[in-house]
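The values are calculated or read from the model by the stated rules, or taken from the named source; none is laboratory data. Worth saying up front: this structure is predicted, and the values here are computed from it rather than measured. Ideal geometry is used to build each Cβ from the backbone, glycine not excepted, and the neighbour counts take in all protein chains shown. Only protein heavy atoms, including side chains, enter the accessible area calculation; ligands, DNA and RNA are left aside. Shrake-Rupley method; radii C 1.70, N 1.55, O 1.52, S 1.80 Å.
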2 protein chains.
Amino acid sequence: MRADAQRNYDKIVVAAAEVFTQRGMDAPLDEIATRAGVGPGTLYRHFATREDLIDAIVKSWMAQIDAAATEAVESEAPTREVLQKWFATYVARISRNRGGPSKFATAMGNPASPIYSKCEVLRLANDRVLNRLRDAGALRSDVNALEVCRLIGGVAVVADQAELADSDIASMLGVIVDGLLQN
Amino acid sequence: MRADAQRNYDKIVVAAAEVFTQRGMDAPLDEIATRAGVGPGTLYRHFATREDLIDAIVKSWMAQIDAAATEAVESEAPTREVLQKWFATYVARISRNRGGPSKFATAMGNPASPIYSKCEVLRLANDRVLNRLRDAGALRSDVNALEVCRLIGGVAVVADQAELADSDIASMLGVIVDGLLQN
DNA sequence: CAGTATACGGAGAGTTTCTCCGTTTAGCAA
DNA sequence: TTGCTAAACGGAGAAACTCTCCGTATACTG
């Protein structure tokens, strides 16, 4: 990539992160272009769709998700608490920008989506945590990581759209946690 | 209301139901106006916002929800099955049009929304079913109808956006059902 | 049947998305 | 250094959608 192209790419990603944080993931792309100091044409050449741009932004979130999953796997705390905390972190991470959870929910069902690869990261992180519980015989047997991603993703979407407080999210997650644990 | 105004109102509602079914609840309002054979100005005078129009459409769904709730309350079947069936019906009803579940999820947290009154109907229907279970001592105590609306609404949003099959929806609902039932 | 309040509808302004294409520039080779 | 060329730029503008204004038309009333 030419040096000027790389510079513009970086400027766009920085601007997009700012604008998405302030105005949500449905913010006008032209505003991002303006903030980055490039023309709309340049933005659209680097990122053909909104999803391509989101993909670039979201990349950095995944390391944090993985770290949280690792912490959950290695935790000595009681199963129920581990799961509750992991889900709360999961929701918080994918809800960083308004409209974000909805983007993940859509991409989760669509392998053609540019951010589908990020959904795979989410699924695998969940899988690691669930396996830890499965090994301990704590998990119901008829559930897989994808379904859990959807369930927790559903909570995140609703929480995002209705602007729920953390305590409301926690109590919804509590129901799912109990539903997942073998009794 | 003047007779011609009433005629146009009705034509718009009919056209909106058709267009929403075919193209989802984010379909262009101008297309609805065209289909109804009225100008955009007329549509916007009758329905100041998209939500006002959705409100008119959704009104007829609520009777069906109530009927399903009554059936659930009066059912002799095992608790678990009653709840599972009720939730499946609930999801199906609010998912009649693409984008519908998301509209409900947003309105559920916003008393200023024109369709908030419909969310209340949903909540009360859920409350009736939950009370039946509570009386039987089958329900966990720290949950209310609003939270259940959100949980099931989350499943509906994800299912709608990812175009999930009924069997996928059923297994997600199964986790929530188990989480809600007293063990 | 005339007068008036009400409703109609379409032109058009404002927004956002996305593209086309003439202009500019980075990187390279002589 | 200079000149060439492929790559990148950016803005004008088309297209899609939302929403309003206001001159025109029409339903009701007396």
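Values as computed for the structure displayed
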| read-out | value |
| --- | --- |
| Near pairs, Cβ below 7 angstrom, 6+ apart or cross-chain, from segment B:1-26 (farther than 20 Å from B:GLN161 by Cα) to any residue that is assigned to a loop (DSSP other than H, G, I, E, B) | B:ASN8/B:VAL38; B:LYS11/B:GLY37; B:LYS11/B:VAL38; B:ILE12/B:VAL38 |
| Number of the condition not met by B:ALA145 [criteria: (1) in contact (Cβ under 8 Å) with a residue 24 or more places away in the chain; (2) open to solvent by less than 10 Å² (accessible area, probe 1.4 Å); (3) among the aliphatic types (A, V, I, L, M); (4) within 17 Å of B:LEU180 (Cα to Cα)] | (1) |
| Filter result for the condition that a residue is touching a Gly at 6+ places or on another chain (Cβ under 9 Å) and open to solvent by less than 50 Å² (accessible area, probe 1.4 Å), over A:ASN97, A:ASN126 | A:ASN97 |
| Some residue of segment B:112-130 being within 7 Å of another protein chain (Cβ to nearest Cβ) and either more than 18 Å from A:LEU180 (Cα to Cα) or touching an Asp or Glu at 6+ places or on another chain (Cβ under 9 Å) (or both) | no |
| Verdict on B:ALA27 being open to solvent by less than 80 Å² (accessible area, probe 1.4 Å), at pLDDT 95 or above and either part of a helix (DSSP H, G or I) or hydroxyl-bearing (Ser, Thr, Tyr) (or both) | no |
| Condition check for B:ASP178: of a type outside the set (Val, Ile, Thr), surrounded by fewer than 23 Cβ atoms within 10 Å (Cβ to Cβ) and facing another protein chain (nearest Cβ under 8 Å) | yes |
| Evaluation of A:ARG96 against (1) more than 9 Å from chain B (Cβ to nearest Cβ); (2) farther than 18 Å from B:GLY153 by Cβ; (3) in a helix (DSSP H, G or I) (one fails), failing number | (3) |
| Selected residue [at pLDDT 95 or above, under 17 Å from the mean Cα position of the chain (by Cα) and outside any loop (DSSP other than H, G, I, E, B)] from B:ALA56, B:ALA15, B:ALA33 | B:ALA56 |
| From B:ALA107, B:ALA145, B:ALA156, residue being in contact with an Asp or Glu (Cβ under 9 Å, 6 or more places away or on another chain), within 11 Å of chain A (Cβ to nearest Cβ) and of a type in the set (Gly, Ala, Ser) | B:ALA107 |
| Residue within segment A:102-116 that is touching a Gly at 6+ places or on another chain (Cβ under 9 Å) and more than 15 Å from A:CYS149 (Cβ to Cβ) present | no |
| Long-range neighbours under 6 Å by Cβ, at least six apart or interchain, first residue under 17 Å from B:GLY137 (Cβ atoms) within segment B:69-94, second open to solvent by 10 Å² or more (accessible area, probe 1.4 Å) and basic (Lys, Arg) | B:VAL73/B:ARG128; B:VAL73/B:ARG132 |
| Residue count for segment A:36-53, restricted to those that are within 10 Å of DNA strand C (Cβ to nearest atom) and not in a helix (DSSP H, G or I) | 4 |
| Selected residue (criterion: nearest to DNA strand D (Cβ to nearest atom)) from residues of segment B:65-78 that are assigned to a helix (DSSP H, G or I) and open to solvent by less than 70 Å² (accessible area, probe 1.4 Å) | B:ILE65 |
| Looking only at segment A:30-51, and only at residues there that are more than 14 Å from DNA strand D (Cβ to nearest atom) and away from chain B (no Cβ under 14 Å), the one that is surrounded by the fewest Cβ atoms within 10 Å (Cβ to Cβ) | A:THR49 |
